[in-house]
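Worksheet for the structure shown next.
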Amino acid sequence: MKYISTRGKSQVYSSYEALLQGLADDGGLLLPQALPTIAFSQEEIMNFTYTDFAKKILALLFSDIPKPILFDAIDKAYQSFEKEILPIYSLPNQYIMELYHGATFAFKDFALSLLPHLLSSALQALAPSKQLAILTATSGDTGSAALYGFKEVANTKILAFYPTRGISTIQKKQMTSIEGNNTFAFGVKGNFDDAQSGLKTLFNKEAFKNLLKQNHYLLSSANSINIGRLFPQIVYYYYGYYQLVKQGEIAKGEPVSISVPTGNFGNILAAFLAKKIGLPVHNLLCASNENHVLTDFIQTGIYNSNRPFYQTQSPSMDILISSNLERYLYYHYQDPKIISALMEDLNQHKQYTVKDLSLFKHLQGYYFTDSQALDAIKEVYDSHGYLMDPHSAIGYLAAKTYQKNHKEKVLVTATASPYKFPLAIAKALGLPTENELKSLDLIQNFTKSPLPLELKNILSKPLTQNKTIEKNQMEKSILEVLL
Ligand SMILES: *Cc1c(COP(=O)(O)O)cnc(C)c1O
């Protein structure tokens, strides 16, 4: 498979090149030159495990990666998941796909436990004398998933920078208790923007990059625009759909809609790609919180990121620039000139306008406030005894709203374990919210909802990383680790 840029001014890339490169040279995002069609036979549906689905789908997308290498990476990646890798909870007409049974209890584990193995193979094939240095700024879930994913992966070092403000105790402890000889976490004084902009500066600093190059490092960020983040997410939509076929909940070929709590537009784009390559999907429901730039875009055609930023109870969706949307636009227009012009507008004026609203024919946008999300958590808990996290609750609400005038069944992606956000859950259920540890226990005692042992243990694990730095010390800290 070859990969092309959404902006049309770049060479084509092989899978390995695309994985290592992340972004195209012209600043665009990479897409497969042609999409395969993927279907599963009755026999496959009845017998395939999650990794079987992953192998079949990813072998068609990463068709130029040798199969033994790809399959070995897939086997390694999903070993770290709980035995039941993707449980599905049924509500009337809705199916909640729990995408949070990996190492760090959020859906990002699906991609971030595979990507490091793919990158490691790409490195071996294309630049065997180099080491990969992954630098990532995180507002919470990405950092821990990346640290766990890259832990002990040959020829890689992973450095995650989390803000000292705005991160939950559990998210922080997942990073600061990591046990790997190639894993490093730093607290950066300030908020997510401070950590993010600090890294951005370094990625643009020639002297810094040259020094790493001289020391045989290849620099990468493993962020969610990498095709190695995107493609593994297609698999669970197929798997979830066919699990429901297998259980007799839906007929094979029956169209369903999919509701996705959305931030950077990565997870929902994977659902869109699943639809494009053959999964029977009717509509995609793009569910946002109070940072509802996408909802407004879908309703008006105006993407306007020039607006106040709200810190919400669903922090992983607190995003005003949804990078992966560029890929969705590309599939509609099929014209790199139009995409380049829109992205130029976004860059210069923080907004762009599309005139052709048929772009949104199968994409519906909804947004909900924190208090609506917390009410939904309580409502679903009270009526079904089922506990959702604040991100998933927004996906649930979008599905519920949509179903007021649509009949088909909806798959809702539950993106994180409720136990990752104990204060929000305790508040929703009317329990005390003194601190996260206490809330965790109270929620468990009250709901009897299973608290994953690893998550409980996280809080009592010893610290392995305990460095808090100023933003202007990031370069020095990185060089100390790498050189
Ligand atoms: C990252 C994340 C999201 C948003 O996913 P995108 O792919 O960025 O749209 C939603 N929920 C949780 C829990 C997340 O960690």
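The values are calculated or read from the model by the stated rules, or taken from the named source; none is laboratory data. Computed from a predicted model, the values in this text were never measured in an experiment. Cβ coordinates were reconstructed from backbone atoms using ideal geometry, including for glycine residues, and neighbour counts include every protein chain displayed.
Say we look at region 33-52 and pick out the residues that are in contact (Cβ under 8 Å) with a residue 60 or more places away in the chain and either under 17 Å from Lys276 (Cα atoms) or among the hydroxyl-bearing types (Ser, Thr, Tyr) (or both); which of these is surrounded by the fewest Cβ atoms within 10 Å (Cβ to Cβ)? Once the filter is applied, the top-ranked residue is Thr37. Based on this model, can you work out whether Tyr78 counts as touching a Phe, Trp or Tyr at 6+ places or on another chain (Cβ under 7 Å) and either within 16 Å of the ligand (Cβ to nearest atom) or in a loop (DSSP other than H, G, I, E, B) (or both)? Criteria not met by Tyr78.
Condition check: of a type in the set (S, T, N, Q), more than 16 Å from the ligand (Cβ to nearest atom), surrounded by fewer than 24 Cβ atoms within 10 Å (Cβ to Cβ) and within 22 Å of the chain's Cα centre (by Cα). Does Asn283 satisfy that? In short, yes.
Answer yes or no as to whether Leu325 is surrounded by 14 or more Cβ atoms within 10 Å (Cβ to Cβ), under 17 Å from the mean Cα position of the chain (by Cα) and either at pLDDT below 95 or of a type in the set (A, V, I, L, M, F, W, C) (or both). In short, yes. Within region 259-279, the set of residues being more than 10 Å from the chain's Cα centre (by Cα), within 13 Å of the ligand (Cβ to nearest atom) and among the β-branched types (Val, Ile, Thr) comprises just one member, Val260.
All of Lys420, Lys404, Lys400 fail the test of being surrounded by fewer than 18 Cβ atoms within 10 Å (Cβ to Cβ) and within 30 Å of Leu363 (Cα to Cα), apart from Lys404. Could you list all residues from region 376-390 that are among the acidic types (Asp, Glu), surrounded by fewer than 23 Cβ atoms within 10 Å (Cβ to Cβ) and either under 26 Å from the mean Cα position of the chain (by Cα) or modelled with pLDDT under 95 (or both)? Selection gives nothing. Examine region 191-212 for a residue that is of a type outside the set (Gly, Ala, Ser), within 23 Å of the chain's Cα centre (by Cα) and part of a strand (DSSP E or B), and state whether such a residue exists. Among the residues of region 191-212, not one is of a type outside the set (Gly, Ala, Ser), within 23 Å of the chain's Cα centre (by Cα) and part of a strand (DSSP E or B), which makes the answer no. Considering only residues in region 366-418 that are in a strand (DSSP E or B) and touching a Phe, Trp or Tyr at 6+ places or on another chain (Cβ under 8 Å), the one that is farthest from Tyr238 (Cα to Cα) turns out to be Tyr366. The residue pairs whose first member lies in region 165-187 and is free of Cβ contacts under 8 Å to residues at least 24 places away in the same chain, whose second member is buried (at least 22 other Cβ atoms within 10 Å of the Cβ) and in a loop (DSSP other than H, G, I, E, B), and whose beta carbons are closer than 9 Å, counting only pairs six or more residues apart or on different chains, are Lys172/Gly140. In this structure, Ala106 qualifies as surrounded by 15 or more Cβ atoms within 10 Å (Cβ to Cβ), within 16 Å of the ligand (Cβ to nearest atom) and closer than 30 Å to Gln174 by Cα. Just one residue in the set Ile69, Ile38, Ile65 is β-branched (Val, Ile, Thr), more than 30 Å from Lys172 (Cα to Cα) and touching a Lys or Arg at 6+ places or on another chain (Cβ under 9 Å); that residue is Ile38.
Listed by first and then second residue, the pairs linking a residue in region 385-396 that is under 13 Å from Ser449 (Cβ atoms) to a residue that is more than 8 Å from the ligand (Cβ to nearest atom) and in a loop (DSSP other than H, G, I, E, B), with Cβ atoms under 7 Å apart and 6 or more places separating them unless they lie on different chains, are Leu387/Ser449; Asp389/Ser417; Asp389/Phe421.
Among the numbered criteria (1) at pLDDT 95 or above; (2) closer than 25 Å to Leu23 by Cα; (3) within 14 Å of the ligand (Cβ to nearest atom), which one does Ile225 miss? Only one criterion is unmet by Ile225, namely (1). Beta carbons closer than 7 Å, at least 6 apart along the sequence or on distinct chains, pair a first residue in region 429-450 that is acidic (Asp, Glu) with a second that is outside any helix (DSSP H, G or I) for Glu436/Ser168. For the structure I just gave you, tell me whether Leu91 is under 21 Å from Tyr3 (Cβ atoms) and out of contact with any Lys or Arg (no Cβ under 8 Å at 6 or more places or on another chain). For Leu91, the condition - under 21 Å from Tyr3 (Cβ atoms) and out of contact with any Lys or Arg (no Cβ under 8 Å at 6 or more places or on another chain) - is not met.
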